[in-house]
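Scroll down for the structure; my scribbles are underneath it.
The values are calculated or read from the model by the stated rules, or taken from the named source; none is laboratory data. Just so you know, these numbers come straight off a predicted model, no measurement behind them. Cβ coordinates were reconstructed from backbone atoms using ideal geometry, including for glycine residues, and neighbour counts include every protein chain displayed.
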Amino acid sequence: MYRVAVLVGSTRQTSSNLKLARALEKLAAGKLAFNYIRIDNLPFYDEALWDDPPAEVIRLKREIAEADAVLFVTPEYNRSIPGILKNAIDWPSRPYGDSVWSGKPAAIAGATGGVSGTAAAQAHLRSILPMTGIALMGTPEVYFQSRPGSIEDDYTIADERMRTNLSIWVDRFSDWIGRFAEPREATEELRKTA
Ligand code: FNR
């Protein structure tokens with residue numbers, strides 16, 4: 001089992017991206033333990049704040065550092081990622097030389113009501129992340145068009161073909177993480193989230 005830090009680029013409770021993350025978590029039960037990382041209480045990036053770093057920034061860096069892998073689940077805002085997610089990527093990449101992203105296996109997913117399924121946002125994210133030193137999985141990709149009922153209340157993906165594809169994606173992500181990290185024992189603490 002691997003511990004995955006999950007960063008969702010939307011903070012609203014009814015977020016389709018949070019729902020997609022929950023659906024992936026369900027498909028990954030017993031393989032990946034998701035830890036949802038809070039990003040809505042971070043200050044905007046300010047280099048001067050490193051003189052006395054805010055507790056939220058320290059906490060964010062620690063939670064990333066402790067994870068075996070990272071999953072970004074992003075909405076698409078004007079053909080890019082939301083500013084809140086970019087801010088949460090910038091903080092842990094600093095101070096210079098002390099990025100906690102370095103060498104961390106990662107993957108991307110995203111949901112939108114639009115037919116593109118966040119393809120443009122994910123392309124932007126793929127151009128940003130390599131600068132942080134993160135080890136980003138290339139394929140398979142997740143482009144999810146969110147419709148009423150496409151994810152059920154218990155976070156089951158309604159469409160069988162999509163469910164199968166996402167299940168394969170979970171396995172591939174798990175394999176990807178295995179290239180970088182040793183699996184953890186499925187302790188009670190991890191089982192709680194998986
Ligand atoms: C959007 N949305 C959007 N959708 C899309 O497919 N391409 C886009 O470029 C945009 N641009 C955009 C800009 C802004 C400022 C907002 C607020 C929204 C729609 C967006 O993807 C949709 O609202 C998602 O449902 C947001 O994700 P959550 O909050 O449901 O996770």
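General remarks:
- Within region 89-101, considering residues that are part of a loop (DSSP other than H, G, I, E, B) and either within 9 Å of the ligand (Cβ to nearest atom) or among the aromatic types (F, W, Y) (or both), the one surrounded by the most Cβ atoms within 10 Å (Cβ to Cβ): W101
- Positions within region 102-132 being more than 16 Å from the ligand (Cβ to nearest atom) and touching a helix residue (DSSP H, G or I) at 6+ places or on another chain (Cβ under 8 Å), in sequence order: S102, K104, P105, A106, A107, I128, L129, M131, T132
- Unmet criterion (only one of (1) under 17 Å from A69 (Cβ atoms); (2) out of contact with any Lys or Arg (no Cβ under 6 Å at 6 or more places or on another chain); (3) of a type outside the set (S, T, N, Q)) for I134: (2)
- A count restricted to region 133-156 and to residues that are of a type in the set (A, V, I, L, M, F, W, C) and more than 16 Å from the ligand (Cβ to nearest atom) stands at 4.
- Residue satisfying all of: in region 122-155; in contact with a Gly (Cβ under 6 Å, 6 or more places away or on another chain) and not in a strand (DSSP E or B); surrounded by the most Cβ atoms within 10 Å (Cβ to Cβ) among these: Q122
- Tally of residues being farther than 15 Å from D40 by Cβ and touching a Lys or Arg at 6+ places or on another chain (Cβ under 8 Å) across region 80-109: 4
Residues are listed down the side, and each one gets a yes or a no for (1) modelled with pLDDT under 95; (2) under 20 Å from R12 (Cβ atoms); (3) β-branched (V, I, T):
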| site | (1), (2), (3) |
| --- | --- |
| I64 | no, no, yes |
| P82 | no, yes, no |
| A109 | no, yes, no |
| G117 | yes, yes, no |
| A135 | no, no, no |
| E141 | no, no, no |
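- Checking A120, A158, A106, A181 one by one, the residue that is out of contact with any Asp or Glu (no Cβ under 9 Å at 6 or more places or on another chain) and of a type in the set (A, V, I, L, M) is A106 and no other.
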